[in-house]
1. Among ALA241, ALA213, ALA229, which is the only one that is surrounded by 19 or more Cβ atoms within 10 Å (Cβ to Cβ), closer than 23 Å to GLU134 by Cβ and touching a Ser or Thr at 6+ places or on another chain (Cβ under 7 Å)?
2. Please find, among ALA261, ALA212, ALA207, ALA241, the residue that is part of a helix (DSSP H, G or I), under 23 Å from LEU156 (Cα atoms) and of a type outside the set (Phe, Trp, Tyr).
3. Tell me, please, whether a residue that is of a type in the set (A, V, I, L, M), within 24 Å of PHE61 (Cα to Cα) and either free of Cβ contacts under 8 Å to residues at least 40 places away in the same chain or part of a loop (DSSP other than H, G, I, E, B) (or both) can be found in the range 170-189.
4. So if I check each of VAL314, VAL297, which one is in a helix (DSSP H, G or I) and at pLDDT 80 or above?
5. Testing LEU126 on (1) outside any loop (DSSP other than H, G, I, E, B); (2) within 23 Å of LEU39 (Cα to Cα), one condition comes back false. Which one is that?
6. For the range 191-225, which residues satisfy the criterion of being of a type outside the set (A, V, I, L, M, F, W, C), under 19 Å from TRP100 (Cβ atoms) and free of Cβ contacts under 8 Å to residues at least 24 places away in the same chain?
7. Taking the range 118-135 on its own, how many of its residues are buried (at least 18 other Cβ atoms within 10 Å of the Cβ) and within 20 Å of PHE228 (Cβ to Cβ)?
Amino acid sequence: MTPTRSPLLGYAALFIAIALLPAIGAYPIFVMKVMCYALFACAFNLLIGFTGLLSFGHAAFLGMAAYTAGHALKVWGFPAPLGLLFGTAMAALTGLAFGWLAIRRSGIYFSMITLALAQMLFFYFLQAPFTGGEDGLQSVPRGNFLGLDLASDLTLYYVVLAIFIGAFWLIYRTVHSPFGQVLTSIRENEARAVSLGYDVERFKLVAFVLSAALAGLAGATKTLVLGFATLTDAVWTTSGAVILMTLVGGMGTMIGPIVGALVIIALENKIGDLGKALAETTGIAWFNGLGESVTLVTGLIFIVCVLAFRRGLVGEFAELWRRWRKA
């Protein structure tokens, strides 16, 4: 299927807007963090939204790349591009091992196997000497990227944006390729795809490895941006967070995971300030505790989306737009 020009123009406008954010006062570190998690959500969406596979252990790939890339940059002295590639490759290999074990099952059995494998990897990270245990891997240097000094937040910002655009383009081309159409057919009717002669398990495995590699790229880039990797990157709640991002934004859409990541990360970082402002405005001291109740607030958002926005924010908007055009 050939991509139409209209969506491409929309994506180009979005990326131009992101590129201009530092010029209007946006905090570069925050936006880079959002881009990293948006890439993580897009990678997960490739698996669940376009292949129909629900993984409960995708944080394993984010954490694997975060730790290995950080170790390569800090201890082995790898340059930034090689460190990112190393982390991505390790995530892809982990995805290959996980996928080989999990793809043989379907439905909830597949999901639970991915969760079990991810938890095994989490406990390895907890005890492995190179991860720093509960203290995490700290003080990871940024170094240089093809001659660019990444000590500057602004320089790093545009490097991260370029990585994000390249990964997004890869996902877009994958979805709109013959391979992507086979993945969609597997999602819609796996038995029919088998009857047409497709090796369904092989297609699922390739999609799983590609998703793991892109999730790993997000984790490696996040370590480069923040300068550390911790157990939070690999814990099961991070797998739950990426599911939430995808569902809130719109599963099976290209922009949905980006919107979902922005909503969830903004809540996690800004809800404390919002609570204080509400407490000062209303005089209700309870609002001061919102900063400690991020899980509660995100859970409420998830319930609202399930009840009122079944297609996610972007999916519902797209549906309203189609109805308006038909009318």
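1. ALA229
2. ALA261
3. No: the range 170-189 contains no residue that is of a type in the set (A, V, I, L, M), within 24 Å of PHE61 (Cα to Cα) and either free of Cβ contacts under 8 Å to residues at least 40 places away in the same chain or part of a loop (DSSP other than H, G, I, E, B) (or both).
4. When all the criteria are applied, what remains is VAL314.
5. Only one criterion in (1) outside any loop (DSSP other than H, G, I, E, B); (2) within 23 Å of LEU39 (Cα to Cα) is unmet by LEU126, namely (2).
6. Narrowing the range 191-225 to residues of a type outside the set (A, V, I, L, M, F, W, C): 192, 195, 197-199, 201-202, 204, 211, 216, 219, 221-223.
Retained after the next criterion (residues that are under 19 Å from TRP100 (Cβ atoms)): 198-199, 201-202, 204, 211, 216.
Correct list: TYR198, ASP199, ARG202.
7. Number of matching residues: 5.
Let's see how each residue does on (1) in contact with a His (Cβ under 6 Å, 6 or more places away or on another chain); (2) at pLDDT 95 or above:
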site: THR2; (1), (2): no, no
site: CYS36; (1), (2): no, yes
site: PHE40; (1), (2): no, yes
site: PHE44; (1), (2): yes, yes
site: GLY49; (1), (2): no, no
site: GLY63; (1), (2): no, yes
site: ALA92; (1), (2): no, yes
site: LEU96; (1), (2): no, yes
site: GLY107; (1), (2): no, no
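The values are calculated or read from the model by the stated rules, or taken from the named source; none is laboratory data. It should be emphasised that the depicted structure is a prediction, and the values quoted were computed from it without experimental measurement. Here Cβ is always computed from backbone atoms with ideal geometry, including for glycine, and neighbour counts include all displayed protein chains.
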